[in-house]
Amino acid sequence: MKRVLKIIGITLLSLLVIIITASMLTGIKPLSLGLHNPVYQSGGFAIKGYDAVSYFKGNPVKGSETLSYEWKKSKWLFSSEANMLEFKSSPDKYVPQFGGYCAFAVSTGFSAPADPAIWIINDAKLYFFSDEKVKKNFIKDPQTTIGSCKKHWKD
């Protein structure tokens, strides 16, 4: 019996190591493990260096490293000083929901990289997605997806 329990324990530990390794390689992580950053970063910048304020002006653009602001342990870039000042005065108004991770992934309990070029503003909130297919699904029933995200996301 001890031998069987030992084998089960080793097997479960091995599976956990495999899951964590796969998570680290793909960028997809179970939210319940808390392995994700509070803000999605790529290349050392929040939301891949895009100017968060520019989405609300209808034309998302990359920011400049000369116009940066540190917030929530992340470096945010801006395309203009005016946008940087707007963000500084009210970051919660401009940051993407659920840390800028793919909203669909968060709704299923995972953090996954999002593509800042695939986005939507719904009820004055910015959401990112990993691909157009999941964005289309979000558009069909945003409130259900957002509700599921809120169950999993701990900010």
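Below is a table of values for the structure above.
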{"quantity": "Ordering of 82-90, 47-55, 122-130 by burial proxy (mean other Cβ atoms within 10 Å per residue, highest first)", "calculated": "47-55, 122-130, 82-90"}
{"quantity": "Under-5 Å amide H pairs with PHE128, H placed in peptide plane, nonlocal only", "calculated": "GLN97, ALA103"}
{"quantity": "Inter-label distance, nm, simple model (7 Å from Cα along the C-beta direction), SER80/ASP141", "calculated": "4.0"}
{"quantity": "19 Å Cα-Cα threshold exceeded, pairs from LYS93/LYS135; LYS57/LYS154; LYS48/LYS75; LYS72/LYS154; LYS57/LYS133; LYS57/LYS140", "calculated": "LYS93/LYS135; LYS57/LYS154; LYS57/LYS133; LYS57/LYS140"}
{"quantity": "Accessible area in square angstrom per residue, segment 63-155, 1.4 angstrom probe", "calculated": "52"}
{"quantity": "Relative intensity, log₁₀ I(q)/I(0), of segment 56-95 from a Debye sum that treats every alpha carbon as a point, q = 0.32 Å⁻¹", "calculated": "-1.33"}
{"quantity": "Aspartates and glutamates whose Cα lies under 19 Å from that of LYS73, excluding same-chain neighbours fewer than 8 positions away", "calculated": "ASP51, GLU65, GLU86, ASP92, ASP155"}
{"quantity": "Amide H within-cut-off set for ALA46, under 5 Å, with H built and near neighbours excluded", "calculated": "LYS75, TRP76, LEU77"}
{"quantity": "Rg ratio (alpha-carbon, reference 2.2 N^0.38 Å) - segment 39-155", "calculated": "1.00"}
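The values are calculated or read from the model by the stated rules, or taken from the named source; none is laboratory data. These numbers come from a predicted model, not from an experiment. Note: ideal-geometry Cβ built from the backbone for every residue, glycine included; neighbour counts use all protein chains shown. Just the protein is used for accessible areas: all its heavy atoms, side chains included, with ligands, DNA and RNA removed. Shrake-Rupley method; radii C 1.70, N 1.55, O 1.52, S 1.80 Å.
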